[in-house]
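A.B. asks: Sending over a structure as structure tokens; questions will come in a sec.
The values are calculated or read from the model by the stated rules, or taken from the named source; none is laboratory data. What you see is a predicted model, and the numbers here were worked out from it, not measured in a lab. Here the Cβ is made from the backbone with ideal geometry for all residues, glycine too, and neighbour counts use every protein chain on show.
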Ligand code: AMP
């Protein structure tokens, strides 16, 4: 038998203090590029102070502590101090609507909320609705607004004595809590245990996943409130990769400047951010992003055209990955077979990928029958494993999302014999035309492969004959034009003929969710409200009625 010790985040903190002491945290602080730097050893010392300060205020085991913040050094300190004193880190999504924000903070019963000064104006509007918050802590020296009672982060640390001893924690105790961005109903909470978080961090170091290692300089563009920045903070702490924190500067220009000047090796973001970065790089061919070894991208299907353009024109290799808040989020990663070249390589890379070790996956049809991995049979993807949620936090209504330990993801997919998963849709977004499924994801990917198309989101439009038909909502690149005819021609031979939409809406922007994904719920509402100007291709007259 082996020696055993609880798999808690103390181990990450210890490694930051000792083995990984020299790795650094860089935080971008101003639009002009001012940044602060601290070594992991310095960060660990501040974590001890923060932990001491919280304990003195009576915050301890099981208490929920909220953060309402961008990615920064302080937010990393909170990521470690809160779980290591046995409290639960609750990352609040700064882009939630006020009612949703109040709902999650009240549901979680947050006792303290740490907030960036730049976000005080948002939080202070919600503050009167918060039922359990006893203290606000403002990070930075901007106004504290109407928040009350309030202290400043720096004062808290200046007055603190370092924690004497961290409590021993059961590895299955909660470390963090994150609510799903939930497209319908109230957001649902997902609890991560110390054990699940540590195991998940180990998985991020595997060569066939992210391969996070000591040579990495990681830029988590994905916010710390989106599934714990995909686990990158803890993985970096464990393996000794430096972290480059972009603060609130999430536009392509400052991000590219940060990549260049900090020699970032690894940058993770949702596809919409990579689209912005691609446009910026195309317009600034001198930008040098050659330090990037890997650019994980997920949260939504990555258009193959985006992947190819970034790799072929700018040397940035995208790694497509699938995950959910419920899966911590690492679930499926698209590493192509070593010998795959050309189309075979791109085909594997544009799938969602293969399940990572310790994640089990199955496809189940509408009758509950498990489907073969033949690349054709489709159904709901279900997953389970040590970092996959087995229930939502204090929420009995959603018990039907789980089936004997399997998480029902709500994603419709097929799996090929090599284990590559291909998602055709989110079940809520499915378009059923004449009784057959049309994959909105595939249509979007092919539309976005057109030179003039910047963004494309496909939703269902009611149809007398076929019940539903696809409606393509398209954003064109600035200064570019494309007619409905051209777009339809472009789709010929790329998708099944009967999938090709007759209806198009040219829009200025596809609405985005709080974590930057296409928001089809809003598009559907706009369609219902008559706000989309839909152009129909008249199949009888063979021309477009504008
Ligand atoms: P969230 O918990 O907000 O990150 O949302 C999780 C959902 O995002 C999944 O259930 C999928 O519908 C979608 N998603 C995440 N990654 C991908 C991907 N690589 N391809 C397609 N959909 C994805």
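A.B. asks: Which of the residues that make up the range 194-233 are over 17 Å from residue 179 (Cβ atoms), in contact with a helix residue (DSSP H, G or I) (Cβ under 6 Å, 6 or more places away or on another chain) and part of a helix (DSSP H, G or I)?
C.D. replies: 201, 204, 233
A.B. asks: Being surrounded by fewer than 17 Cβ atoms within 10 Å (Cβ to Cβ) and either within 16 Å of the ligand (Cβ to nearest atom) or under 25 Å from residue 104 (Cα atoms) (or both), is that true of even one residue in the range 414-424? Give the derivation first.
C.D. replies: Residues of the range 414-424 that are surrounded by fewer than 17 Cβ atoms within 10 Å (Cβ to Cβ), as a first pass: 416-419.
Okay, now just the ones that are also either within 16 Å of the ligand (Cβ to nearest atom) or under 25 Å from residue 104 (Cα atoms) (or both), so 416, 419.
Yes: the range 414-424 contains one or more residues that are surrounded by fewer than 17 Cβ atoms within 10 Å (Cβ to Cβ) and either within 16 Å of the ligand (Cβ to nearest atom) or under 25 Å from residue 104 (Cα atoms) (or both).
A.B. asks: Does residue 449 qualify as being part of a strand (DSSP E or B) and within 25 Å of the chain's Cα centre (by Cα)?
C.D. replies: No: the conditions fail for residue 449.
A.B. asks: Going by the structure shown, is residue 361 outside any loop (DSSP other than H, G, I, E, B) and under 28 Å from residue 451 (Cβ atoms)?
C.D. replies: Working: outside any loop (DSSP other than H, G, I, E, B): yes; under 28 Å from residue 451 (Cβ atoms): no.
No, not satisfied.
A.B. asks: Something else about it: Against the condition surrounded by fewer than 21 Cβ atoms within 10 Å (Cβ to Cβ), more than 16 Å from the ligand (Cβ to nearest atom) and not in a loop (DSSP other than H, G, I, E, B), how does residue 276 come out, does it pass?
C.D. replies: yes
A.B. asks: Out of the range 47-63, which residues are crowded, with 24+ Cβ neighbours inside 10 Å and either within 20 Å of residue 197 (Cα to Cα) or not assigned by TED's automatic domain parsing to the domain that holds residue 130 (or both)?
C.D. replies: 47, 51
A.B. asks: Of all the residues that make up the range 389-402, how many are away from the ligand (no atom under 16 Å from the Cβ) and either in contact with a helix residue (DSSP H, G or I) (Cβ under 6 Å, 6 or more places away or on another chain) or touching a residue at least 24 places away in the same chain (Cβ under 8 Å) (or both)?
C.D. replies: So the count comes out to 1.
A.B. asks: Further, regarding this structure: Looking at the range 225-242, I want the residues that are farther than 17 Å from residue 297 by Cα and have a partner that is part of a helix (DSSP H, G or I) and within 12 Å of the ligand (Cβ to nearest atom) with Cβ atoms under 9 Å, at least 6 apart or on another chain. Which pairs are those?
C.D. replies: The qualifying pairs are 234/228.
A.B. asks: When you check residue 443 against the structure, is it away from the ligand (no atom under 16 Å from the Cβ) and either over 20 Å from residue 306 (Cα atoms) or buried (at least 18 other Cβ atoms within 10 Å of the Cβ) (or both), yes or no?
C.D. replies: On the way: away from the ligand (no atom under 16 Å from the Cβ): no; either over 20 Å from residue 306 (Cα atoms) or buried (at least 18 other Cβ atoms within 10 Å of the Cβ) (or both): yes.
So residue 443 fails the test.
A.B. asks: While we're looking at this one, here's another question. Return yes when residue 12 is in contact with a helix residue (DSSP H, G or I) (Cβ under 8 Å, 6 or more places away or on another chain), closer than 19 Å to residue 235 by Cβ, in a helix (DSSP H, G or I) and in contact (Cβ under 8 Å) with a residue 60 or more places away in the chain and no when it is not. Quick ask: steps written out before the conclusion?
C.D. replies: Values: in contact with a helix residue (DSSP H, G or I) (Cβ under 8 Å, 6 or more places away or on another chain): yes; closer than 19 Å to residue 235 by Cβ: yes; in a helix (DSSP H, G or I): yes; in contact (Cβ under 8 Å) with a residue 60 or more places away in the chain: yes.
So residue 12 fits the description; yes.
A.B. asks: Now a separate question. Of all residues in the range 319-354, which are out of contact with any helix residue (DSSP H, G or I) (no Cβ under 7 Å at 6 or more places or on another chain) and more than 13 Å from the ligand (Cβ to nearest atom)?
C.D. replies: Across the range 319-354, the qualifying residues are 335, 338, 339, 341, 342, 343, 344, 345, 347, 348.
A.B. asks: Only one of these conditions is not met by residue 228: (1) more than 16 Å from the ligand (Cβ to nearest atom); (2) under 20 Å from the mean Cα position of the chain (by Cα); (3) at positive phi. Which number is it?
C.D. replies: Of everything listed in (1) more than 16 Å from the ligand (Cβ to nearest atom); (2) under 20 Å from the mean Cα position of the chain (by Cα); (3) at positive phi, residue 228 misses just condition (1).
A.B. asks: Looking at 305, 268, can you tell me which residue is within 16 Å of the ligand (Cβ to nearest atom), within 30 Å of residue 439 (Cβ to Cβ) and crowded, with 21+ Cβ neighbours inside 10 Å?
C.D. replies: On inspection, the qualifying residue turns out to be 268.
A.B. asks: Touching a helix residue (DSSP H, G or I) at 6+ places or on another chain (Cβ under 8 Å) and surrounded by fewer than 15 Cβ atoms within 10 Å (Cβ to Cβ): is that true of residue 386 in this structure?
C.D. replies: no
A.B. asks: Now for a separate question. Take the residues in the range 507-540 that are away from the ligand (no atom under 16 Å from the Cβ), modelled with pLDDT of 90 or more and in contact with a helix residue (DSSP H, G or I) (Cβ under 7 Å, 6 or more places away or on another chain); name whichever of them is farthest from residue 224 (Cα to Cα).
C.D. replies: The residue in question is 535.
Residues checked against (1) over 18 Å from the mean Cα position of the chain (by Cα); (2) within 26 Å of residue 479 (Cβ to Cβ):
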residue: 269; (1), (2): no, yes
residue: 292; (1), (2): yes, no
residue: 303; (1), (2): no, yes
residue: 309; (1), (2): yes, yes
residue: 312; (1), (2): yes, yes
residue: 318; (1), (2): no, yes
